[in-house]
Amino acid sequence: MLRHIALGALCAIFSGSAARSQPSRTLSVPPDSARWDLQGQAKAAEYQGRKCLFLDGGAAVLNDFEMRDGVIDVDVATPASRGFFGIQFRIANDGANAEEVYLRQHKSGYPDAMQYTPVLNNGRNWQIYNGPGFTGAVDIPKNVWFHLRLEVVGAQAKFYVKEMDKPALVMHDLKSGVQKGQVALYDLIGATYFSNFEIRTTPDAAWERRLPPMPPHTLTKWSLSPSYDALARNLERPLAPSESEVIRWQDVEAEPPGFVVVNRYRESPQLRVSFANDFSKRLEPQPGMKVVYARTSIDSDRDQVKALYLGYSDDVSLFLNGKILYRGRSAQNFRDPGFLGIVNPENDAVYLPLKKGRNELMLAVSELGGGWGFICRLENVEN
């Protein structure tokens with residue numbers, strides 16, 4: 001994959017609550033400029049009388065320029081009926097972590113016609129970060145030029161599509177953690193043209209996170225194992241005590257509203273899912289699938305049953321006190337050909353027979369694409 005489409009690791013993260021302010025500067029970059037690092041299917045072209053950049057499964061990375069806060073303006077036009085194109089910003093030095101906002105031509109007018117997602121350890125996390133602040137409806141013109149503007153201020157951003165008086169998408173909390181990095185135009189698939197690119201840096205704003213609340217009864221304290229080849233393990237079998245004892249567990253804490261985003265801690269696998277275009281292959285083994293074990297403890301004051309509401313991406317086995325209670329898959333295209341695999345805590349419910357005292361809950365969570373993570377909330381069961 002392309003370096004900045006597949007993406008690749010951490011950029012220096014500024015210490016302190018805000019980076020040092022820098023004076024504003026404006027840069028206009030023509031499509032034939034040597035400052036563009038053209039990757040994949042990317043080249044200078046002409047479309048509808050304009051000089052422009054053509055991307056179709058490619059990227060144009062702006063060399064010798066890094067942005068913390070600023071405004072990016074660009075015109076776009078696409079003849080494609082289906083595609084994903086947009087802007088990457090605050091790309092880390094080796095490209096594994098970044099912010100990304102993009103349009104889907106084939107979803108024009110739908111609630112997910114545009115999306116913001118952080119890229120973490122080479123993984124796009126659109127299945128986890130979804131809904132208000134991440135996705136939105138917009139009409140996407142075809143075969144005509146229209147304008148995009150991205151305004152980045154501290155830990156927030158606004159994305160404008162066609163209409164510059166009102167943002168089409170407000171990103172309340174940028175998730176990657178990268179505070180400064182490169183900028184790129186990119187296109188995953190679907191021929192798209194870009195022209196009149198301009199970028200203007202602005203003085204650094206205070207870095208203020210705007211996190212959602214953490215719902216009550218969310219399980220927040222977990223330990224993660226290293227990642228393993230999922231096909232080399234029996235995912236219906238719990239870890240033996242001897243296996244668990246030798247694992248180097250990493251303590252992590254869920255982020256509001258309760259997600260444990262595995263991609264923050266483990267490299268995202270890059271695999272081609274066989275059932276993406278052929279539903280009949282959905283039960284086939286998927287070479288390249290990785291699994292991480294996640295464990296936590298639940299203290300109960302008596303023997304009782306509690307409901308565990310569980311969301312995950314993309315494949316999970318659930319064990320309580322060394323016994324399997326549930327196994328499921330919630331991957332894109334798996335439950336039906338149009339299934340997206342969006343993660344929320346109401347994806348599934350498992351009823352836990354808790355014993356008095358300490359109970360060990362363990363998940364084996366595997367990734368197939370679209371974000372690696374899970375969320376768990378406990379609720380009482382009414383008698």
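The values are calculated or read from the model by the stated rules, or taken from the named source; none is laboratory data. In this text, all values refer to a predicted model and were calculated from it rather than measured experimentally. All Cβ positions, glycine included, derive from the backbone under ideal geometry; neighbour counts span all protein chains shown.
Details
- Note on region 43-77: residues that are under 20 Å from GLY190 (Cα atoms) and either under 24 Å from the mean Cα position of the chain (by Cα) or not assigned by TED's automatic domain parsing to the domain that holds VAL144 (or both) total 9.
- Candidate set from region 140-164 (those that are within 19 Å of the chain's Cα centre (by Cα) and over 21 Å from HIS106 (Cβ atoms)); member that is surrounded by the fewest Cβ atoms within 10 Å (Cβ to Cβ): LYS158
- Residue identified as over 22 Å from the mean Cα position of the chain (by Cα), in a loop (DSSP other than H, G, I, E, B) and at pLDDT 95 or above among ARG358, ARG302, ARG327, ARG295: ARG302
Yes/no per residue for (1) more than 26 Å from GLU255 (Cβ to Cβ); (2) aliphatic (A, V, I, L, M):
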{"site": "LEU120", "(1), (2)": "no, yes"}
{"site": "PRO167", "(1), (2)": "no, no"}
{"site": "ASP173", "(1), (2)": "no, no"}
{"site": "SER176", "(1), (2)": "no, no"}
{"site": "GLY190", "(1), (2)": "yes, no"}
{"site": "PHE194", "(1), (2)": "yes, no"}
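- Region 147-163: number of residues that are of a type outside the set (Ser, Thr, Tyr), closer than 19 Å to PHE85 by Cα and either outside the structural domain of ARG68 (by TED's automatic domain parsing) or modelled with pLDDT of 95 or more (or both): 11
- Selection within region 112-141 - in contact with a Ser or Thr (Cβ under 6 Å, 6 or more places away or on another chain) and more than 17 Å from PHE259 (Cα to Cα): ASP112, GLN115, ASN122, ASP139, ILE140
- Among the residues making up region 87-126, those that are surrounded by fewer than 24 Cβ atoms within 10 Å (Cβ to Cβ) and within 16 Å of GLY370 (Cβ to Cβ) are TYR102, ARG104, LYS107, ASP112, GLN115, ASN121, ASN122.
- Test: residue in region 42-53 that is surrounded by 23 or more Cβ atoms within 10 Å (Cβ to Cβ), out of contact with any strand residue (DSSP E or B) (no Cβ under 7 Å at 6 or more places or on another chain), farther than 26 Å from LYS166 by Cα and not polar (S, T, N, Q): no
- Spans of strands (runs of 3 or more DSSP E) in region 180-286 with at least 3 residues within 25 Å of LEU318 (Cβ to Cβ), outside the structural domain of PHE65 (by TED's automatic domain parsing) and out of contact with any helix residue (DSSP H, G or I) (no Cβ under 9 Å at 6 or more places or on another chain): 221-229, 250-253, 259-261
- Region 85-102 - residue that is outside any strand (DSSP E or B) and among the small types (Gly, Ala, Ser) and, of those, modelled with the lowest pLDDT: GLY95
- Residues that are surrounded by fewer than 18 Cβ atoms within 10 Å (Cβ to Cβ) and out of contact with any Ser or Thr (no Cβ under 9 Å at 6 or more places or on another chain) within region 219-235 comprise PRO226, TYR228, ASP229, LEU231, ALA232, ARG233, ASN234, listed in sequence order.
- If the condition is being of a type in the set (Val, Ile, Thr) and over 25 Å from CYS52 (Cβ atoms), then region 122-169 contributes ILE128, THR135, VAL153.
- Test: residue in region 256-266 that is exposed (fewer than 15 other Cβ atoms within 10 Å of the Cβ) and either under 30 Å from ASP73 (Cβ atoms) or more than 18 Å from the chain's Cα centre (by Cα) (or both): no
- Selected residue [at pLDDT 95 or above and basic (Lys, Arg)] from ARG266, ARG282: ARG266
- Residues being without any contact (Cβ under 8 Å) to a residue 40 or more places away in the chain, out of contact with any Pro (no Cβ under 8 Å at 6 or more places or on another chain), within 23 Å of ILE247 (Cα to Cα) and surrounded by fewer than 21 Cβ atoms within 10 Å (Cβ to Cβ) are entirely absent from region 339-352.
- Among the criteria (1) in contact with an Asp or Glu (Cβ under 7 Å, 6 or more places away or on another chain); (2) within 30 Å of ALA294 (Cα to Cα); (3) of a type outside the set (A, V, I, L, M), the one ASP229 does not fulfil is (1).
- Count of region 29-84 residues which are of a type in the set (D, E, K, R), under 18 Å from GLU100 (Cβ atoms) and not in a strand (DSSP E or B): 3
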